[in-house]
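*Asks:* This structure is in structure tokens; I'll ask about it shortly.
The values are calculated or read from the model by the stated rules, or taken from the named source; none is laboratory data. The structure presented is a predicted model; accordingly, all values stated were derived computationally and were not measured. Don't worry about glycine lacking a Cβ; one is built from the backbone with ideal geometry, like all the others, and counts go over all protein chains shown. Ligands, DNA and RNA are stripped out before the accessible areas are found, and what is left, the full protein with its side chains, is counted by its heavy atoms. Shrake-Rupley method; radii C 1.70, N 1.55, O 1.52, S 1.80 Å.
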Amino acid sequence: HMDTVLAILDTLDSPAAFLGLGLGVCSTPGCRAVLGDPPATPERPRGVTAAQWRLLSELCHPATPERGAVLAPDGSTVALGPLLAGIEVGLRSAGFGRPLPTLDPPADPLLAVTIAEALGTSFLLAGDGDNATTATALGPGGCWDDVENPQNFTFQGPPTLVPDPVAIGAMDGVVVGTRVARGWLSVAEVLRGYYGTGNGSGAERPPSSHRRRDFGALAGRARLEEEVAATLRVLMSLSPRPEVVRDVGTREVVEVARRAAREFSERYVECPPIVPRCLWGARPYRGTPSPLQPPLPALFVHHTLWPERPCRTFGHCARAMRDMQRFHQDTRGWDDIGYRSLSSPGVVARVVVTVTSCFGIAIVGDFRATLPDPDTLSLLRDQLVPCAVRSGHLRPDFVLRGHRQLGHTDCPGDALFQEIQSWPSFQ
């Protein structure tokens with residue numbers, strides 16, 4: 001859990017004791033060009049136990065990518081290395097520690113150590129032309145062994161240089177590093193506020209759930225493309241030149257940067273995060289599911305009615321999902337939970353559809369008299385639906401309807417049904 005990491009950081013005396021370089025987060029040529037070479041044997045700071053230091057060191061430079069991930073309260077899995085590298089750049093920009101070097105060719109140190117080098121390198125290794133796919137350069141995601149007490153994280157496929165935890169940790173490193181650069185605060189305090197850890201209230205959405213929006217504002221597709229190209233040129237200027245860029249030409253740098261920025265932005269910025277079944281603790285599907293045949297022609301909007309007040313943390317949402325699945329399976333006698341996707345302020349959860357000809361999305365809560373908050377409506381209308389069209393899950397000419405148009409029900413509630421009638425594609 002992120003709480004475990006913050007408990008360790010609370011014991012550190014100063015930001016200088018926390019610098020990512022001292023924790024060994026730099027293992028690549030580009031990162032070392034910015035932060036310098038890490039010490040051969042990182043020194044354990046005063047106040048940190050040997051067990052804590054061992055855990056933190058393993059998370060910062062893991063033997064395998066899975067070992068560098070921690071679970072955040074918003075349900076995301078965060079690689080600690082790029083997060084701490086971004087924070088160190090922010091600290092140095094604010095005047096703590098050694099000054100940052102001036103890169104030649106010019107490149108943004110913050111983006112270089114978080115995402116630009118990993119992204120450019122991954123797409124270079126994935127190849128180009130017809131053989132280049134997001135499956136070989138980005139991802140995969142993965143799952144924890146236990147939702148309530150996560151210990152081991154496992155990828156759902158062979159990892160690239162930018163699996164989901166690295167992408168998320170890099171975006172967080174950019175957002176938090178930018179905040180730290182604007183003025184010093186306790187690093188643990190900044191992270192606790194960003195991830196919303198330790199408050200236990202679930203009253204507000206943690207700022208980390210806005211990482212895609214905030215990262216996009218700081219590094220939109222055009223800027224990300226520029227910085228990937230700039231960082232690759234920095235690698236090409238190093239002596240000795242790293243093997244991955246040894247035979248790379250100027251035109252290839254431009255093409256790789258464009259493709260990498262486009263595909264990363266589509267996957268991690270423009271589309272909302274999806275929490276898979278294994279992460280919220282779903283029961284197995286009963287029987288044999290009927291596969292969807294996308295692109296689907298229709299989208300039906302539901303509300304769950306219960307819980308009446310939407311969940312706003314991953315833990316609360318995961319428990320609500322399990323409760324809904326038990327009700328649908330044990331009381332209704334269905335094979336599984338009855339929605340394709342559920343959307344709430346804290347989580348978007350991917351589930352299994354019970355009707356194979358349409359796409360069903362439920363917003364968690366009771367919307368007979370009140371509307372979901374604007375962020376949740378925007379998540380569905382402006383992010384999830386366009387992403388489903390772009391990715392081929394929905395036809396571009398899909399029809400939008402409310403659940404009540406399919407049968408005898410008040411779902412999705414009077415207030416929400418009136419709202420969706422103003423949306424494009426409603427019939």
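*Asks:* Could you give each residue of region 68-77 its phi-based ³J(HN,Hα) in whole Hz, using Karplus coefficients 6.51, -1.76, 1.60 with θ = phi - 60°, and x for Gly or Pro?
*Replies:* Values per residue, Gly and Pro as x: x, 10, 10, 8, 8, x, 7, x, 7, 10 Hz.
*Asks:* Could you tell me which of GLY402, LEU384, PRO294 has its Cα farthest along the dipole of region 278-421 towards the positive end, charges placed at Cβ (Lys, Arg +1; Asp, Glu -1), taken about the Cα centre?
*Replies:* PRO294
*Asks:* Compute the separation of the alpha-carbon centres of region 205-251 and region 274-337 and state it in Å as a whole number.
*Replies:* Here the answer is 37 Å between Cα centres.
*Asks:* With springs only between Cα atoms under 10 Å apart, run a GNM on the chain and tell me which of ARG251, ARG54, ARG233 wobbles the most.
*Replies:* ARG251
*Asks:* Among the Cys residues of the chain, which have no other cysteine Cβ under 4.7 angstrom away?
*Replies:* Taking the Cβ cut-off of 4.7 Å, the unpaired cysteines of the chain are CYS60, CYS358, CYS411.
*Asks:* Hey, can you find the accessible area per residue of the chain for me, probe 1.4 Å, expressed in square angstrom?
*Replies:* Numbers: 18980 Å² over 427 residues.
I get 44 Å² per residue for the chain.
*Asks:* Give me the percent of the accessible area of the chain that comes from carbon and sulfur atoms, probe 1.4 Å, all protein chains in place. Working shown, then result.
*Replies:* Values: 9690 of 18980 Å².
About 51 percent, which is the carbon plus sulfur part of the accessible surface.
*Asks:* Below 9 angstrom from the Cβ of GLY90, what's the summed charge of the other residues (Lys, Arg +1; Asp, Glu -1)?
*Replies:* Numbers: positive: ARG92, ARG179, ARG182; negative: GLU88.
For residues surrounding GLY90, the net value is +2.
*Asks:* Okay, next question. For the chain, with a Gaussian network of springs between Cα atoms less than 10 Å apart, report the residue from VAL187, VAL244, VAL113 with the top mean-square fluctuation.
*Replies:* Maximum among the listed residues: VAL244.
*Asks:* Can you give me the three principal axis dimensions of the chain from its C-alpha atoms, in Å, biggest first?
*Replies:* 70, 51, 39
*Asks:* Any idea what the relative contact order of the chain is, in percent, if you count C-alpha pairs under 8 Å spaced at least 6 apart? Let's see the in-between values first.
*Replies:* Details: 747 pairs, mean separation 60.6, N = 427.
Reported relative contact order: 14 percent.
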